[in-house]
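Trainee: Pasting a structure below so you can have a look.
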């Protein structure tokens, strides 16, 4: 019966309604800008009513197929629960969810212009101690991972 099955898209939409920021998202790129192991990343703009004004966001659509949907849905819900509870300077925040035309809503987070630590390090200007910057970046990443795993600062 539609609406009562926890795997039903409408049930999911109701359960996650508080995170829905679809009405604030505009200007989504036509094609994915980046690709991950299980997701396609699009760029968009969040038109927030806050003082910060429009901001670039990453819109992460999880790829799923019917065969693995239930397993993916469990992981997806867990990811949302965990990510919602994280408030750490070395972990990007989950801004909300964007409901597009796919079965699962997209995860929305701040856009990182360089996309990865490797790409960022390649953009450092001459004169910057790249080895020192790598060391600092690795420490920041480790703190973010430790917080996510253990909840400790």
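Trainee: Averaging the inverse of every distinct alpha carbon separation and then flipping it gives the Kirkwood radius. What is it for segment 30-153, in angstrom units?
Mentor: So the Kirkwood estimate lands at 16.5 Å.
Trainee: Hey, how much of the P(r) for segment 17-59 falls beyond 16 Å, as a percent of Cα pairs? Intermediate results must be reported in sequence, preceding the final value.
Mentor: Values: 389 of 903 pairs.
Counting every Cα pair in segment 17-59, those more than 16 Å apart make up 43 percent.
Trainee: Take every Cα-Cα pair in segment 113-153 and report what % of them are more than 10 Å apart.
Mentor: 73 percent
Trainee: With the Cα gyration tensor of segment 25-97 in hand, convert its eigenvalues to equivalent ellipsoid semi-axes via √(5λ) and list them largest first in whole Å.
Mentor: On the way: eigenvalues 112, 62, 21 Å².
The equivalent ellipsoid of segment 25-97 has semi-axes of 24, 18, 10 Å.
Trainee: Oh, and also: Any idea what the relative contact order of segment 5-121 is, in percent, if you count C-alpha pairs under 8 Å spaced at least 6 apart?
Mentor: 24 percent
Trainee: Add -39500 (n - 2.57) for each DSSP H run of 4 or more in the chain, then divide by its residues: what number comes out at 222 nm, to the nearest 500 deg cm²/dmol?
Mentor: When only DSSP H runs of four or more count, the value is -10500 deg cm²/dmol.
Just so you know, all these numbers are worked out from the coordinates, no wet-lab data involved. From a predicted model like this one, the values you see are computed outputs, not experimental measurements.
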